[in-house]
């Protein structure tokens, strides 16, 4: 059985306050087993990797997910605190990104499943739906010392049911926007003094979410897409004190962004930005407006309309709930949202996301968020063990310039599999000498297997 280093044990011991003593001991076994296991990330796979394949009390480890009492919210808060502690200097604003992803699951016993849009197979012309579970993930954008790219580290993941599924199970239905309100409210309570930016795609462009972010005791800056046909208005003119009646909430209607895009008299400003790793020359126009939809109070925002003279991407509009933010900063913040898509892909490739096989309601609610949290936990372990330079697998025919999550996972596996963690006795007749080159090859295969 692997013997973790003291640094890793010290990091994990912080989470013990969310568990009972027996449950935390079993949780550690599952954490290490899941890190070491290739392929499917199931409880039985974790037990096999920990040398517990013949344990007759294996059902006790299943109870960690489907029966034992522990607090996922406490775990989420501790994970957020650790990410801030190890990756962000004191006083630096928190940049959060929110997005949903689909876990494709089938089975009669899975009550939470529903039909949702499949982002991988859908196009603008055709919407493809798949059966599964929809998860909303809130992640922290942080710089890591061994990569030029900003990483998105998940710390809170919730299950978002479909409307029909909620009605069938007699559960209160929450839309993804309502879940976003709930999640950002929790983060604000956990971090009452930090400046927070929240970045989401067009699914989170909702007036109610803007209102929620603006009305918090310490407002949160929301950045998202804006429809080109959004209803934008001027700010109302001051009403004379002698005039009776309610004060107007909005002024005159402004031109649609789609009209500004086609208007030859629109004054465009030029700007060069590094977007998605490449330099792009863009043109933009920005302004302040009140965003309004019938039945809701208008909200102030700064919008940015962007086009590319080289036609490398289609024209788009973005907004920020804080009217004092610059147009350049809004575009840069929104482009950082792409990093959570990388996290989703690496979760599928290296941590076996969508290979879970739990079917009970509580196990489903807990397993996937734990797997998302494990992504951040592995990154934290790598940061503690290698604060500046992370070992990267190199060959004579390929020079890898920067580390990826696969390398971070490999170094943690290597520490757990390290020969220094085992006692060797030359008097044991069962021991065989293995050539060093063969041993390193076997160790590398175990560490980099997915």
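The values are calculated or read from the model by the stated rules, or taken from the named source; none is laboratory data. Predicted model, so just to flag it, every value in this text is computed and none were measured. As a convention, Cβ positions derive from the backbone with ideal geometry for all residues, glycine included, and neighbour counts pool all protein chains shown.
Quick notes on this structure:
- Filtering 305, 290, 301 for residues that are closer than 29 Å to residue 100 by Cα, in contact (Cβ under 8 Å) with a residue 12 or more places away in the chain, outside any helix (DSSP H, G or I) and in contact with a helix residue (DSSP H, G or I) (Cβ under 6 Å, 6 or more places away or on another chain) leaves a single hit, 305.
- Selection within the stretch 202-214 - at pLDDT 95 or above and either within 16 Å of the chain's Cα centre (by Cα) or within 15 Å of residue 340 (Cα to Cα) (or both): 204
- Residue within the stretch 375-383 that is more than 21 Å from the chain's Cα centre (by Cα) and either at pLDDT 95 or above or part of a helix (DSSP H, G or I) (or both) present: no
- Failed condition for residue 185, given (1) within 22 Å of residue 110 (Cα to Cα); (2) touching a residue at least 12 places away in the same chain (Cβ under 8 Å); (3) more than 16 Å from the chain's Cα centre (by Cα): (1)
- Taking the criterion of being in a helix (DSSP H, G or I), more than 20 Å from the chain's Cα centre (by Cα) and crowded, with 18+ Cβ neighbours inside 10 Å, the residues of the stretch 63-82 that qualify are 64, 65, 66.
- The residue list 209, 169, 226, 216 contains one member that is surrounded by 14 or more Cβ atoms within 10 Å (Cβ to Cβ) and touching a residue at least 40 places away in the same chain (Cβ under 8 Å), which is 226.
- Only residues that are assigned to a strand (DSSP E or B) and within 23 Å of residue 177 (Cα to Cα) were counted in the stretch 101-155, giving 25.
- Any hit, the stretch 227-243, residues being at pLDDT 95 or above, under 15 Å from residue 177 (Cβ atoms) and not in a loop (DSSP other than H, G, I, E, B): no
- Residue match in the stretch 78-89 (condition: under 16 Å from residue 372 (Cβ atoms) and out of contact with any strand residue (DSSP E or B) (no Cβ under 7 Å at 6 or more places or on another chain)): yes
- Qualifying residue in the stretch 334-345 (condition: without any contact (Cβ under 8 Å) to a residue 24 or more places away in the chain, surrounded by fewer than 21 Cβ atoms within 10 Å (Cβ to Cβ), at negative phi and under 12 Å from the mean Cα position of the chain (by Cα)): yes
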